[in-house]
Amino acid sequence: MARKKPNITREDMLTREGRRRAWRGLVFADHGFLRYIYSNIHQVSDNMWRSFQPAPLHLKRFKQKGVKTVINLRGQSNTGFYRLEEESCERLGMALVNLKLHSRDIPKREQIHAARNLFQSIEYPAVMHCKSGADRAGMGAVLYLFLHERRPLAEAREQLSLRYGHMKQGKTGVLDYYWDKAEEAGATTPEDFLAWVDSDDYDPAALKAGFMGQWWANILTDKILRRE
């Protein structure tokens with residue numbers, strides 16, 4: 001059974017017990033101890049990195065690499081891992097921005113436009129992260145390379161790969177299915193893709209209904225690896 005992530009406020013971080021709870025949340029409830037054993041940090045391009053949930057030590061290392069912006073793809077929350085990240089970014093002088101993506105869902109058009117606008121407005125170099133660095137970080141990297149750097153979609157889609165821990169056979173494969181459907185709709189350029197997203201034919205619920213993950217991969221990603 002997964003550990004419950006404790007609720008931590010900014011005020012809690014001013015107390016010794018609050019900070020202890022935050023660290024317990026990061027290390028145990030969020031499986032942060034595994035990130036000191038296995039690193040899933042990769043450079044996407046000259047201006048972008050992708051990562052698992054960074055601890056303060058990881059953020060310090062990103063700062064040393066010149067990173068100026070941290071993109072949190074998990075969304076803002078009252079969790080220990082978020083409070084420690086928020087505190088570390090403030091101390092290091094790095095901007096922390098929140099863009100919530102999902103690993104098992106079709107993105108809404110508002111999320112696509114939010115990602116595009118964010119990539120156009122932040123200061124680089126930057127790092128984007130989710131929990132494990134596999135699925136949402138992969139989706140964010142595809143969007144970044146395709147929409148912002150205007151890389152070919154086939155090249156951008158390589159960010160959704162087993163190399164990074166992404167499994168297209170499970171429920172997280174809905175992300176690969178999404179890009180298959182985008183290509184079928186003729187989304188060969190960012191403009192074509194955004195036109196499809198803004199069209200009346202764009203129906204996230206209907207798209208998701210057409211995908212089915214394989215049972216064994218669902219067990220691996222949901223029950224064993226406990227992906228978000």
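See the values below:
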| item | result |
| --- | --- |
| Mean Cα-pair separation over length for the chain, i.e. relative contact order, pairs under 8 Å, 6 or more apart, % | 19 |
| Percent accessible area from carbon and sulfur atoms, the chain, protein chains only, probe 1.4 Å | 52 |
| Set of aspartates and glutamates near Lys171 by C-alpha distance (under 13 Å), chain-local residues within fewer than 8 positions excluded | Asp105, Asp135, Asp222, Glu228 |
| Pairs of Lys in segment 11-150 closer than 24 Å at Cα, counting only those 8 or more apart or on different chains | 11 |
| Fraction of antiparallel bridges per DSSP, the chain only, in percent to nearest 5 | 20 |
| Trypsin sites (Lys or Arg not before Pro) restricted to DSSP loop in segment 110-160 with at most 15 other C-beta within 10 Å | Arg150 |
| Residue among Ala137, Ala206, Ala187 with the largest mean-square fluctuation in a Gaussian network model of the chain, springs linking Cα atoms under 10 Å | Ala206 |
| Cα shape, segment 65-131, gyration tensor, a/c 1.5 rule | oblate |
| Sites Ala209 and Tyr124, calculated FRET efficiency, Cβ-Cβ separation with R0 41 Å, nearest 0.05 | 0.65 |
| Spacing of the two label points (7 Å from each Cα toward its C-beta) at Arg16 and Asp46, in nm | 5.0 |
| Identified option (computed Cα extents along the principal axes in Å; candidates (1) 55, 40, 30; (2) 43, 42, 39; (3) 49, 39, 25) | (1) |
| Cleavage-rule hits (GluC sites (Glu not before Pro)) in segment 149-213: DSSP loop, at most 16 neighbouring Cβ within 10 angstrom | Glu149 |
| Selection of GluC sites (Glu not before Pro), segment 58-129, meeting DSSP coil and at most 15 other Cβ within 10 Å | Glu123 |
| Chain lengthening between Ala154 and Lys108 when straightened (0.36 nm per residue, less Cα-Cα) | 14.4 nm |
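The values are calculated or read from the model by the stated rules, or taken from the named source; none is laboratory data. This one's a predicted model, so the numbers in the text were calculated from it and none came from an experiment. Note that each Cβ is placed from the backbone with ideal geometry, even for glycine, and that neighbours are counted across all protein chains shown. For accessibility, only protein heavy atoms count, side chains too; no ligands or nucleic acids. Shrake-Rupley method; radii C 1.70, N 1.55, O 1.52, S 1.80 Å.
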